[in-house]
Amino acid sequence: SVALTARPVPPGGGPTQVAVFVWLVDLQSIDSSAQTFAANVYVALSWKDPRLAHAVPGTIRYPLSQVWHPRAFIANEVGHVVRTMPPEVDVDPDGTVVARQRYLGQFSQILHVDDFPFDRHTFRIHIVSPGYTPDEVEFVADPRFVAAGLEGAVGVAAELAVPDWKIEGWRSGARPYQIVKTVSTAGWAFEFDARRKSAYYIWKVILPLLLIVGISWSVFWIDPENAGTEVGVATTSMLTLIAYRFAVGNQVPRVPYLTRLDLFISGATVLVFLTLIEVVLVVRMAQQGNHAAAHRADRISRVLFPASFALFSWWALLG
């Protein structure tokens, strides 16, 4: 009836209080380039509607369309998000209404990956109630789960499918959703903090690059009179680095700004190129008979290049 679909106003007026429980069942993936994450989220909402109180033992199930409900949905869902549970509510004898739903799909999240691959981010599941202001619908943490020891009535499963991220904490709270600055919609946000596991990039990207750069420095210990050997080693190092950059191109986020790893790779490329330039100059000096200057340049380079690269690497990756 029309009466049952109207908002149940508490005695004395005020907003209808909707208790929220959110459980992150699984986190499948995080796509830094697409600014999305794929997750499996369970949400339970409950509120009091005295009009639905009944004397029948147990719960009575109603189609969602026949009773009032906060019309909740997740504001930052993208693409095709599957709802696996039927649109129904369970009503206890005292009029407590519980609506349950599981969301399976992708959700948007603005990510700034400047610190990649040592970045940390906050991800959000933002539940909103369209058509209702915070003065009409008030979202609160479900006291039943808070009493059971679940802070904020939110939680994360002990094991998640995503292999390259670690969940470090989570929280929840009322968070109105603003369509425009002057209009707010009632909302509730569940946030969790995640840190990217950088071991993969250290062993598979950074360490091999260090070896390539180190190999290029071997020319500083080759006699400048062996021009063919020096130029061959330096040129091979440069070509190897270029090929390596193409190989790891798909392993870094495609963003319009430089990340820490981008800076490191670019710096390594410039340093290997400068090594090639040094070799050409030293060989030229040796060919002109200035052997002392050529050997002195090599001795200086043995210290200057590694020291410069060490300082640059610290600044690019950790500074």
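The values are calculated or read from the model by the stated rules, or taken from the named source; none is laboratory data. The structure presented is a predicted model; accordingly, all values stated were derived computationally and were not measured. Please note: Cβ atoms are built from the backbone with ideal geometry, for glycine as well, and neighbour counts cover all protein chains shown. Each accessible area value is taken on the protein alone, full model and side chains, heavy atoms only, with ligands, DNA and RNA left out. Shrake-Rupley method; radii C 1.70, N 1.55, O 1.52, S 1.80 Å.
For region 190-213, the set of residues classified as open to solvent by less than 60 Å² (accessible area, probe 1.4 Å) and either free of Cβ contacts under 8 Å to residues at least 12 places away in the same chain or acidic (Asp, Glu) (or both) consists of Glu191, Asp193, Ala199, listed by residue number. Inside region 51-85, residues that are at positive phi and not small (Gly, Ala, Ser) make up a count of 1. Residue check: is Ile30 under 25 Å from Asp135 (Cβ atoms), within 21 Å of the chain's Cα centre (by Cα), among the hydrophobic types (A, V, I, L, M, F, W, C) and surrounded by 13 or more Cβ atoms within 10 Å (Cβ to Cβ)? The answer is no for Ile30. Just one of the numbered conditions (1) buried (at least 20 other Cβ atoms within 10 Å of the Cβ); (2) over 19 Å from Asp114 (Cα atoms) is not true of Thr259: (2). For region 145-173, the set of residues classified as assigned to a strand (DSSP E or B) and either open to solvent by 40 Å² or more (accessible area, probe 1.4 Å) or farther than 12 Å from Leu27 by Cβ (or both) consists of Val154, Gly155, Lys166, Glu168, Gly169, Trp170, Arg171, Ser172, Gly173, listed by residue number.
Residue by residue, here is whether (1) at pLDDT 90 or above; (2) in a strand (DSSP E or B); (3) within 21 Å of Arg195 (Cβ to Cβ) holds:
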{"position": "Leu4", "(1), (2), (3)": "no, no, no"}
{"position": "Gly13", "(1), (2), (3)": "no, no, no"}
{"position": "Val18", "(1), (2), (3)": "yes, yes, no"}
{"position": "Phe21", "(1), (2), (3)": "yes, yes, no"}
{"position": "Ser33", "(1), (2), (3)": "no, no, yes"}
{"position": "Phe37", "(1), (2), (3)": "yes, yes, yes"}
{"position": "His54", "(1), (2), (3)": "yes, no, no"}
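In region 74-144, counting only strands (runs of 3 or more DSSP E) that sit wholly within it, the ones holding 2 or more residues that are buried (at least 19 other Cβ atoms within 10 Å of the Cβ) span 88-91, 96-108, 120-129, 137-141. On the basis of being within 30 Å of Pro256 (Cβ to Cβ), touching a residue at least 60 places away in the same chain (Cβ under 8 Å) and among the aliphatic types (A, V, I, L, M), does Ala75 make the cut? Against the criterion (within 30 Å of Pro256 (Cβ to Cβ), touching a residue at least 60 places away in the same chain (Cβ under 8 Å) and among the aliphatic types (A, V, I, L, M)), Ala75 qualifies. Considering (1) open to solvent by 50 Å² or more (accessible area, probe 1.4 Å); (2) over 33 Å from the mean Cα position of the chain (by Cα), the lone condition that Leu64 does not fulfil carries the number (1).
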